[in-house]
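Single-structure report; data block below.
The values are calculated or read from the model by the stated rules, or taken from the named source; none is laboratory data. Because the structure is a prediction, the values reported are computed rather than measured. Ideal geometry is used to build each Cβ from the backbone, glycine not excepted, and the neighbour counts take in all protein chains shown.
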């Protein structure tokens with residue numbers, strides 16, 4: 001399966017803001033954006049004012065990078081959102097939030113979405129009692145996501161849970177910390193999504 005393999009810090013520098021792709025490192029002075037707050041490449045420090053299309057494109061790229069989704073899959077999500085009743089942009093963000101890797105991250109079972117994606121791929125999580133190793137699996141309201149019993153004792157997972165202890169859980173999710181499981185109470189509303197994304201610009205881009 002295709003995936004981005006270059007330095008993720010370049011993505012934050014390209015978008016000009018932190019996308020929190022490397023977990024706790026993003027909160028330290030080691031963050032690449034803190035040290036070099038300009039776009040990567042030889043022309044990075046001489047960026048020009050963006051056109052209307054440029055602004056729309058950057059917003060789409062930023063959303064893709066927040067969630068770790070590549071172009072074809074993002075386009076598929078947009079088509080799904082466009083066919084659903086309601087506001088297309090909000091539907092799109094709701095679908096992205098419903099990805100299993102994002103839910104694992106939101107519940108505090110991983111330090112970043114990339115780490116959540118890796119843990120899901122390695123089969124460390126169950127959905128409604130069944131092992132799911134597909135990061136793009138879309139959860140539904142009422143689904144229960146939990147760490148597999150054999151994985152709870154793994155040093156890496158125990159360390160992650162200690163690091164994320166006290167993390168604020170979105171109101172659309174419910175966490176049972178003692179049993180390392182969470183429930184999807186309802187799907188995320190726009191007001192529940194704390195990411196700096198202007199979804200209307202993405203809709204405008206795809207509507208052309």
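Anything in the stretch 173-193 that is closer than 28 Å to residue 81 by Cβ, outside any helix (DSSP H, G or I) and in contact (Cβ under 8 Å) with a residue 24 or more places away in the chain? List them, or say none.
The answer is 173, 175, 182, 183, 184, 185, 186, 187, 188, 189, 193.
Considering only the stretch 135-155, I want to know if a residue exists there that is out of contact with any strand residue (DSSP E or B) (no Cβ under 6 Å at 6 or more places or on another chain), assigned to a helix (DSSP H, G or I) and in contact (Cβ under 8 Å) with a residue 40 or more places away in the chain.
No: zero hits.
Exactly one condition in (1) modelled with pLDDT under 95; (2) buried (at least 17 other Cβ atoms within 10 Å of the Cβ); (3) within 16 Å of the chain's Cα centre (by Cα) is not met by residue 194; state its number.
Every listed condition holds for residue 194 apart from (2).
Just to be sure before I move on: is residue 152 over 21 Å from the mean Cα position of the chain (by Cα) and either farther than 15 Å from residue 97 by Cβ or not assigned by TED's automatic domain parsing to the domain that holds residue 109 (or both) in the structure I sent?
yes
Kindly indicate the residue of the stretch 160-172 that is more than 26 Å from residue 87 (Cβ to Cβ) and either touching a residue at least 12 places away in the same chain (Cβ under 8 Å) or in contact with a helix residue (DSSP H, G or I) (Cβ under 6 Å, 6 or more places away or on another chain) (or both) and also surrounded by the fewest Cβ atoms within 10 Å (Cβ to Cβ) among those meeting that condition.
165
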